[in-house]
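Working notes, beginning with the structure itself.
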Amino acid sequence: MNTPERKNKVLVVYTGGTIGMVQDENGSLHPFELERIFEAVPQLHRTSYQIDSCQLDDIIDSSNMTPSFWVDTANIIEREYDNYDGFVVLHGTDTMAYTASALSFMFENLSKPIVLTGSQLPIGMLRSDGRENLICALEIAACTKVRIPEVCIFFESHLYRGNRSTKVSAENFDAFETFNYPSLAKAGIDITFREHLMMPMPSEPLIVRKAFDNHVAVLKLFPGISPEVVRSMVTTPGLHAVIIETFGSGNAPTEKWFIDALNEGVERGLLIVDVTQCKAGAVKLCQYATSFDLDRIGIIGGADITIEAAVTKLMYLLGNYGDNKQMVKELFAKSLRGELTE
Ligand code: ASP
């Protein structure tokens with residue numbers, strides 16, 4: 001007797017965003033119920049895999065995203081981890097790269113795909129990019145021939161490593177990019193997977209760490225930045241880490257007041273990280289004289305990490321290992337989930 005073939009199973013977790021929005025009478029977009037997304041994509045009834053869905057208690061525009069929503073999303077995936085082959089998280093595009101990065105750090109030894117997607121136009125609209133994005137994300141999450149042990153973003157024909165992604169357009173359908181890492185798959189007539197670029201399959205069991213410390217700040221440098229602004233940032237009470245968004249390959253002003261302000265912060269135990277404002281390329285401390293002092297006073301180079309990954313990685317490291325500053329420093333400089341090139 002033939003045993004019936006087991007259907008692959010995907011769980012869709014809906015968090016909000018444009019993909020599931022409707023217009024009110026004033027023309028503003030608001031989130032609506034998950035069932036309506038499936039009404040808008042009747043093709044989903046023809047898939048060879050099983051699709052189940054659930055949603056967060058609060059459906060939000062992702063501009064309202066906070067670490068507690070990351071934890072709620074992670075809790076659902078952790079609870080259902082053994083019951084599904086893959087997960088699709090429907091999410092607003094505005095902070096999708098932050099959530100993808102945060103989830104990637106939370107899920108250590110991940111062996112199944114978690115694919116975030118969304119859209120630039122609500123899925124019910126005629127020209128929406130949401131249908132294509134959702135269907136491809138589902139296909140990828142359901143695929144058991146190629147296993148993707150990563151948190152990814154699928155958007156407009158590319159599968160990106162989540163913690164390398166950045167939203168680059170508030171207008172175009174190809175809204176995401178990973179400037180410092182090639183895409184993991186490309187959807188054309190076929191979906192072509194680039195397995196050699198993917199994280200290796202872990203040999204240890206899954207660990208989900210859910211602590212975040214949001215006492216972090218980002219200081220974007222610009223020519224003419226004032227001492228008051230820099231000093232007020234590094235002396236903010238309760239702050240544990242500052243990311244300085246520097247110029248080029250990690251360069252900053254060499255003026256004494258600037259270096260002194262940072263140095264005082266470092267001496268008080270503030271962790272300061274150097275991430276470049278450039279979208280592509282990496283921080284290389286000491287390549288120019290304008291980063292010698294940063295290196296000398298103990299600022300940590302962020303290599304080619306994105307700002308989204310740097311913020312969430314610091315929140316994650318401080319939340320989970322905050323008692324051991326040295327360990328946070330060492331882990332920040334290492335690639336934990338493929339988020340930077342060592
Ligand atoms: N504001 C929306 C959000 O991020 C934009 C989108 O989904 O594209 O939730």
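The values are calculated or read from the model by the stated rules, or taken from the named source; none is laboratory data. Fair warning: this is a prediction, and the values are worked out from it, not measured in the lab. With ideal geometry, Cβ positions are generated from the backbone for all residues, glycine too; neighbour counts draw on all protein chains shown.
Is at least one residue of the range 15-36 touching a Cys at 6+ places or on another chain (Cβ under 7 Å), within 23 Å of R209 (Cα to Cα) and either of a type in the set (A, V, I, L, M, F, W, C) or not in a loop (DSSP other than H, G, I, E, B) (or both)?
Within the range 15-36, the subset touching a Cys at 6+ places or on another chain (Cβ under 7 Å) is none.
No; the residues of the range 15-36 include none that is touching a Cys at 6+ places or on another chain (Cβ under 7 Å), within 23 Å of R209 (Cα to Cα) and either of a type in the set (A, V, I, L, M, F, W, C) or not in a loop (DSSP other than H, G, I, E, B) (or both).
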When both residues are 6+ apart or on different chains and their Cβ atoms are under 7 Å apart, which pairs have a first residue that lies in the range 267-280 and is at pLDDT 95 or above, and a second that is of a type in the set (D, E)?
-> V275/E245; Q277/E245
In this structure, is T47 within 13 Å of the ligand (Cβ to nearest atom), within 26 Å of C143 (Cβ to Cβ) and polar (S, T, N, Q)?
-> no
If the Cβ limit is 7 Å and pairs must be 6+ apart or interchain, which residue in the range 117-143 that is within 15 Å of D52 (Cα to Cα) pairs with which residue that is within 12 Å of the ligand (Cβ to nearest atom) and among the hydroxyl-bearing types (S, T, Y)?
-> L134/T117; A137/T117
Residue within the range 246-262 that is surrounded by 23 or more Cβ atoms within 10 Å (Cβ to Cβ) and within 21 Å of D213 (Cβ to Cβ) present | yes
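Which one of S104, S111, S183 is surrounded by 19 or more Cβ atoms within 10 Å (Cβ to Cβ), assigned to a loop (DSSP other than H, G, I, E, B) and at pLDDT 95 or above? Break it down stepwise before answering.
Details: S104 fails: assigned to a loop (DSSP other than H, G, I, E, B); S111 fails: surrounded by 19 or more Cβ atoms within 10 Å (Cβ to Cβ).
Checking each option against the conditions leaves just S183.
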If you take the residues of the range 68-92 that are within 16 Å of the ligand (Cβ to nearest atom) and of a type in the set (F, W, Y), which of them is surrounded by the fewest Cβ atoms within 10 Å (Cβ to Cβ)?
-> F69
Give me the pairs: first residue in the range 235-255 and more than 12 Å from G302 (Cβ to Cβ), second residue hydroxyl-bearing (S, T, Y) and surrounded by 14 or more Cβ atoms within 10 Å (Cβ to Cβ), beta-carbon distance under 6 Å, and six or more apart or on different chains, which are they?
-> N251/Y288; N251/T290; N251/S291; A252/T246; T254/T290
State whether the residues of the range 121-144 include one that is within 16 Å of the ligand (Cβ to nearest atom), in a helix (DSSP H, G or I) and of a type in the set (G, A, S).
-> yes
When the residues of the range 114-138 are filtered to those that are small (G, A, S) and closer than 18 Å to S165 by Cα, which remaining residue is surrounded by the most Cβ atoms within 10 Å (Cβ to Cβ)?
-> G118
Residue check for Y81: assigned to a helix (DSSP H, G or I), touching a residue at least 40 places away in the same chain (Cβ under 8 Å) and over 12 Å from C152 (Cα atoms) | yes
